[in-house]
Amino acid sequence: MNKVAIIDYGMGNLHSVAKALEHVGSNARISVTSDAQTILQADRVIFPGVGAIRDCMAEIRRLGIDDIVAEVIRSKPLLAICVGMQALMERSEENDGVDCLGLVKGQVKRFANARDPETGDPLLLDENAAPLKVPHMGWNIVQQTEAHPLWAGIADNTRFYFVHSYYVSLAAGEKAAGMTHYGVDITAALSKGNIFAVQFHPEKSQHGGLQLLRNFLAWNGES
Amino acid sequence: MALAKRIIPCLDCDNGRVVKGVKFLDIRDAGDPVEISRRYSDAGADEITFLDITASHEGRATTVHTVEAIAGQVFIPLTVGGGIRTLDDIRTMLNAGADKVSINTAAVFNPDFVREAAQRFGSQCIVVAIDAKKVSAEGEAPRWEIFTHGGRKPTGIDAIEWAKRMVRYGAGEILLTSMDRDGTKSGFDLALNRAISDAVSVPIIASGGVGNLQHLVDGVLEGHADAVLAASIFHFGEYTIGEAKQYMAQRGITMRL
């Protein structure tokens, strides 16, 4: 029996992640939970997240999820998804600046690579200086920048489904597992010991996403 | 290397059945939204939009079950619209497995609802549906207004100003339907779509009027749409999603193939 805990801290749609795991893992027992014991006794843990980072971090701290995640990554595989990935970083620019868990070194930045000359508002422009929409919403190419068990059976440059307005920029020394370009280069996936984190939504990325979840169910951590 | 434009088939459902059904190949049950969603997903649809037109209260429970069933089998984004009026409605649909909800009339009657919804659930899951109709006369500068009740009731609200306001309030995406073109198969209202897409920072889904694959291309290239929504051309088997994607890709549009 493969026990999987999906950490529930009250932010967003965990049903999709659970359903996708059930679909790929016939022997997986999935719990959606904030209970420390259940999480620490699982074989592997998923750390999801949607919505605004300030609210997410407030709930993570209130429920003691910060300590649980720190404990989990010492002993078992953790897959962080979307805002879950961002929460692992040191700090996010969202909501006027929010301190995050600092388990991976780097910042979470607003999509921007230019400023409006009149208003001074941040802008995101493509290579032809045409404005790009934010949020970054839809299917984009992920270039695999390191070999990792979670990429097994997934072709390089497969498209995954993204929806986010802020992106992870890793500090020197941290390792991106996948990169995507949208006006700027963004960390689409990172790996660090027992952590694998993705900015996209594997549970909404059809074949490639389901394969990544299947790989996670078979991964024993530390690449 | 670029973000792909999206093709979104739309299912109109009443009491858990797809209205009018679909007529493409060898489908077992032409009215079953779960099977149809799965078929579209397999065919390469980038998302599914489920529009609930159920009037009765009892029917709403059926809708929730249908959304749960789709979400259990289809692993691409799912938007649910129709009858979303309260924060509880949103929570119910998200818990059932919807990734986004589409708010239409409720936003017109209570714009703050959009703000509350975005604050509570995040902009990424709040789509504001805008039904717009041209109100300027021939020869005048074009102007569009928001209409409710399936395009029958004018509100006097300027469509472009409304779109900007909804984005300010936290809409993460706009589903824009031209009520002049809906059902006509004469193509999107490209001027309307372009005016709104260029005025706001969030993605626009063009809707209303698709009759052939060139209309989808025009929606992206001339209407500046980030995604195109269509129902009948796919439901009645005139074109497959795969054909639509190939056609668009051949004309230089980035697609997920």
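The values are calculated or read from the model by the stated rules, or taken from the named source; none is laboratory data. All of these numbers come straight from a predicted model, not from anything done at the bench. No Cβ is skipped: glycine too gets one built from the backbone with ideal geometry, and neighbour counts run over all protein chains shown. Just so you know, the surface numbers come from the protein's heavy atoms only, side chains and all, with ligands and any DNA or RNA stripped out. Shrake-Rupley method; radii C 1.70, N 1.55, O 1.52, S 1.80 Å.
Below are the figures for this structure:
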read-out	value
Residues within the stretch A:204-223 that are within 14 Å of chain B (Cβ to nearest Cβ) and open to solvent by 10 Å² or more (accessible area, probe 1.4 Å), tallied	6
A:Arg110 vs. criteria farther than 12 Å from A:Ala197 by Cβ and within 14 Å of another protein chain (Cβ to nearest Cβ)	yes
Whichever residue in the stretch B:182-224 is in contact with a Phe, Trp or Tyr (Cβ under 7 Å, 6 or more places away or on another chain), under 24 Å from B:Arg165 (Cα atoms) and not hydrophobic (A, V, I, L, M, F, W, C) and, among such residues, is surrounded by the most Cβ atoms within 10 Å (Cβ to Cβ)	B:Gly219
Residue, least open to solvent (accessible area, probe 1.4 Å), within the stretch A:113-136, restricted to residues that are touching a Pro at 6+ places or on another chain (Cβ under 9 Å) and farther than 16 Å from A:Gln86 by Cβ	A:Leu124
Any hit, the stretch B:137-149, residues being in contact with a strand residue (DSSP E or B) (Cβ under 6 Å, 6 or more places away or on another chain), in a loop (DSSP other than H, G, I, E, B) and without any contact (Cβ under 8 Å) to a residue 40 or more places away in the chain	no
Single residue of the stretch A:138-150 satisfying the filter (touching a strand residue (DSSP E or B) at 6+ places or on another chain (Cβ under 6 Å) and surrounded by fewer than 23 Cβ atoms within 10 Å (Cβ to Cβ)) that is farthest from the other protein chains (Cβ to nearest Cβ)	A:His148
Positions within the stretch B:156-171 being in a helix (DSSP H, G or I), closer than 19 Å to B:Lys134 by Cβ and not β-branched (Val, Ile, Thr), in sequence order	B:Ala159, B:Glu161, B:Trp162, B:Ala163, B:Lys164
Subset of the stretch A:164-190 (residues that are within 22 Å of A:Gly51 (Cα to Cα), open to solvent by 20 Å² or more (accessible area, probe 1.4 Å) and touching a Gly at 6+ places or on another chain (Cβ under 8 Å))	A:Ser169, A:Leu170
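The rows are residues; the columns are (1) touching a residue at least 24 places away in the same chain (Cβ under 8 Å); (2) facing another protein chain (nearest Cβ under 9 Å); (3) open to solvent by 20 Å² or more (accessible area, probe 1.4 Å).
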| position | (1), (2), (3) |
| --- | --- |
| B:Ile48 | yes, no, no |
| B:Arg60 | no, no, yes |
| B:Thr66 | yes, no, no |
| B:Ala71 | yes, yes, no |
| B:Thr79 | yes, no, no |
